[in-house]
Amino acid sequence: MHKKLIIIGGGPAGLAAACAAVKRGLSPDDVLVLERDSEPGGILNQCIHAGFGLHRFGEELSGPEYAGRYIQMAREANIPIMTNCMVLGLTNDRQVTFVSPELGYVTATADAVILAMGCRERTRGALNIPGTRPAGVYTAGCAQRYINIEGFMPGNRVVILGSGDIGLIMARRMTLEGAKVLTVCELMPYSGGLARNIVQCLDDFGIPLRLSHTVTEIHGKERVTGVTIAKVDEANGRKPIPGTEEYIECDTLLLSVGLIPENELTTGAGISLDRMTNGAAVNQFRETEAAGIYACGNVLHVHDLVDYVSEEADIAGTHAAATILGETEKTVKSVKVTTGFGVRYTVPERIDITETAEAVRVFFRVTDVYKKVQLVIESESGEVLVKKAKSAVAPGEMESLEIPADKVAALAASEDKKITVYLRELGGSK
Amino acid sequence: MITKELTCVVCPAGCKVTVTLDENNQIIDVTGQTCPRGKTYAISEVTNPVRTLTSTVTVQTKDGAKMLPVRTDKPIPRPTLFEAMEIVRRTVVTAPVKTGDVLVENFIEEGINLIASKDFE
């Protein structure tokens with residue numbers, strides 16, 4: 001089988017990339033979306049809460065509604081989506097091996113491949129929580145699937161470790177369904193979740209959020225009977241402080257402790273990952289170091305808003321289509337994007353400047369909570385390319401800066417080989 | 001005089017806003033916000049906090065019972081959330097159902113409906 005464009009994953013990233021590629025001029029017959037679940041939509045299908053689509057559609061939709069919009073667009077564009085398809089392997093010359101109930105074992109080639117596999121949750125095994133191994137320990141997303149799709153409750157008395165957005169959303173969901181959520185423990189001195197979710201999922205229901213706390217032991221033989229929590233020492237590597245332990249009787253522990261881009265296929269193709277994003281390193285078109293292989297959405301870096309996933313998938317889909325159609329310009333110079341003070345990672349990691357230099361938007365996450373800062377991108381020779389003042393920034397909210405086209409053109413003409421994204425503190429307290 | 005402390009959720013700054021009310025629950029003062037949007041938010045949170053409720057109901061399909069995601073088409077008063085969940089729990093629908101279909105009319109308040117948020121054939 002040969003296709004001009006194969007997209008791995010039929011969630012929000014894959015669907016938006018497919019729609020963008022067809023809009024850019026590819027025939028839908030030349031596109032194939034491979035989805036491992038029985039329906040497209042990805043994780044949005046279980047995210048039944050509202051708040052999606054404010055940027056993209058100007059209204060607040062639930063996850064299934066947001067997915068539904070893109071499924072509808074893909075359907076209207078006649079884009080083929082093969083469900084129940086598991087991709088087993090990818091090579092860096094764009095050979096995709098997958099299994100499907102109808103076609104069996106298939107090896108397909110493509111002119112371009114877009115990786116849109118999303119991410120998965122960090123599990124108990126990744127945290128090394130001591131204790132027994134009873135039933136009742138779930139990742140928050142797993143519990144979300146049980147309740148919202150399978151239709152059963154995973155427990156009655158719940159402790160949640162981690163205050164990421166999925167954990168907060170599940171605290172509200174389980175409370176509304178009749179469970180007692182006893183507490184949410186967060187290792188860090190601040191929550192990684194959106195302020196809105198802290199207010200609407202915890203404060204609304206009087207659920208205590210314990211910052212700088214962790215679970216130090218899980219109790220129970222067949223089923224969880226309780227957990228021990230303790231305060232951690234900020235000054236000493238966030239180790240539990242002896243004497244602060246507290247036993248909480250519960251039957252369920254939910255873990256909301258981070259998401260990891262799912263990149264087994266990417267590394268299998270020999271594409272190296274950015275240590276900070278756990279996704280492939282890409283240029284501004286979201287093309288990886290392997291020619292014709294793109295990545296977008298949560299497989300590239302974990303996003304906080306699906307609207308940004310769609311936007312990123314647009315970029316990847318549009319450029320993949322343009323490349324297939326032979327309508328892209330040559331790269332005249334590559335510039336590395338590096339991180340400076342206060343910046344954890346950037347996407348893209350490099351800018352491939354083309355003959356007609358275009359404006360480039362750089363997305364990034366900060367390392368800590370800062371108040372009154374200036375976000376800056378500076379060239380190697382010390383010229384400020386773009387800057388923006390912010391009253392507050394937090395690791396949980398992605399930031400971005402756009403380098404204007406004339407500055408990109410000037411960069412191409414200069415001797416500079418890299419640019420740096422950093423924060424400048426404007427005074428005031430941290 | 002009563003004071004209420006809340007965190008503004010309009011932007012990531014997360015200002016701690018204090019609202020002061022008199023004996024008749026009338027707002028006397030709003031302090032702590034750093035922009036006008038914070039004041040608007042604080043006043044609505046103190047006088048009539050509203051939330052969009054999302055949940056699931058049972059939908060009978062030809063492949064058996066499934067979970068249909070649902071939501072209110074407008075926010076409902078926050079104190080009515082649990083009362084609303086009682087109605088959601090009793091609601092059963094039969095496929096086909098389309099996104100936006102009204103499942104319960106005048107849900108909690110007149111003019112607010114419980115609607116489907118996914119298609120089931």
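The values are calculated or read from the model by the stated rules, or taken from the named source; none is laboratory data. Remember, predicted model here, so these are calculated numbers, not experimental data. Cβ: placed from backbone, ideal geometry, glycine included. Neighbour counts: every protein chain shown. Each accessible area value is taken on the protein alone, full model and side chains, heavy atoms only, with ligands, DNA and RNA left out. Shrake-Rupley method; radii C 1.70, N 1.55, O 1.52, S 1.80 Å.
A quick yes/no check of all residues on (1) at pLDDT below 95; (2) aliphatic (A, V, I, L, M):
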{"residue": "B:Pro36", "(1), (2)": "yes, no"}
{"residue": "B:Ser44", "(1), (2)": "yes, no"}
{"residue": "B:Thr47", "(1), (2)": "yes, no"}
{"residue": "B:Leu53", "(1), (2)": "no, yes"}
{"residue": "B:Val57", "(1), (2)": "no, yes"}
{"residue": "B:Gly64", "(1), (2)": "yes, no"}
{"residue": "B:Pro69", "(1), (2)": "no, no"}
{"residue": "B:Pro75", "(1), (2)": "yes, no"}
{"residue": "B:Phe82", "(1), (2)": "no, no"}
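Of the numbered conditions (1) not in a helix (DSSP H, G or I); (2) not assigned by TED's automatic domain parsing to the domain that holds A:His319, A:Arg36 satisfies every one except a single condition; which is it?
The one condition A:Arg36 does not meet is (2).
Any idea which of A:Gly317, A:Gly297, A:Gly206 is more than 22 Å from A:Val137 (Cβ to Cβ) and surrounded by fewer than 18 Cβ atoms within 10 Å (Cβ to Cβ)?
The conditions single out A:Gly206.
Out of (1) within 27 Å of A:Ser191 (Cβ to Cβ); (2) within 11 Å of chain A (Cβ to nearest Cβ), what's the single condition that is false for B:Ser44?
Of the numbered conditions (1) within 27 Å of A:Ser191 (Cβ to Cβ); (2) within 11 Å of chain A (Cβ to nearest Cβ), the odd one out for B:Ser44 is (2).
Hey, among A:Ser414, A:Ser379, which residue is within 29 Å of the chain's Cα centre (by Cα), over 30 Å from A:Ser163 (Cα atoms), of a type in the set (S, T, N, Q) and more than 14 Å from chain B (Cβ to nearest Cβ)?
Result: A:Ser379 is the single residue among A:Ser414, A:Ser379 that is within 29 Å of the chain's Cα centre (by Cα), over 30 Å from A:Ser163 (Cα atoms), of a type in the set (S, T, N, Q) and more than 14 Å from chain B (Cβ to nearest Cβ).
Taking the stated definitions as given, is A:Gly25 at pLDDT 95 or above, at positive phi and open to solvent by 20 Å² or more (accessible area, probe 1.4 Å)?
Against the criterion (at pLDDT 95 or above, at positive phi and open to solvent by 20 Å² or more (accessible area, probe 1.4 Å)), A:Gly25 qualifies.
Looking only at residues that are touching a strand residue (DSSP E or B) at 6+ places or on another chain (Cβ under 8 Å) and either basic (Lys, Arg) or in contact (Cβ under 8 Å) with a residue 60 or more places away in the chain (or both) in the stretch A:64-83, which one is most open to solvent (accessible area, probe 1.4 Å)?
A:Arg69
Testing A:Ile48 on (1) in contact (Cβ under 8 Å) with a residue 60 or more places away in the chain; (2) within 23 Å of A:Ala291 (Cα to Cα); (3) within 22 Å of the chain's Cα centre (by Cα); (4) open to solvent by less than 10 Å² (accessible area, probe 1.4 Å), one condition comes back false. Which one is that?
(2) is the only condition that A:Ile48 fails.
Could you please find all residues in the stretch B:80-98 being more than 17 Å from A:Glu65 (Cα to Cα) and within 10 Å of chain A (Cβ to nearest Cβ)?
Result: B:Leu81, B:Phe82, B:Ala84, B:Met85, B:Val88, B:Arg89.
Which one is most open to solvent (accessible area, probe 1.4 Å) among residues in the stretch A:155-180 that are within 12 Å of another protein chain (Cβ to nearest Cβ) and in contact with a Cys (Cβ under 8 Å, 6 or more places away or on another chain)?
By that ranking, first place goes to A:Arg172.
Can A:Gly89 be described as modelled with pLDDT under 95 and either in a helix (DSSP H, G or I) or among the small types (Gly, Ala, Ser) (or both)?
no
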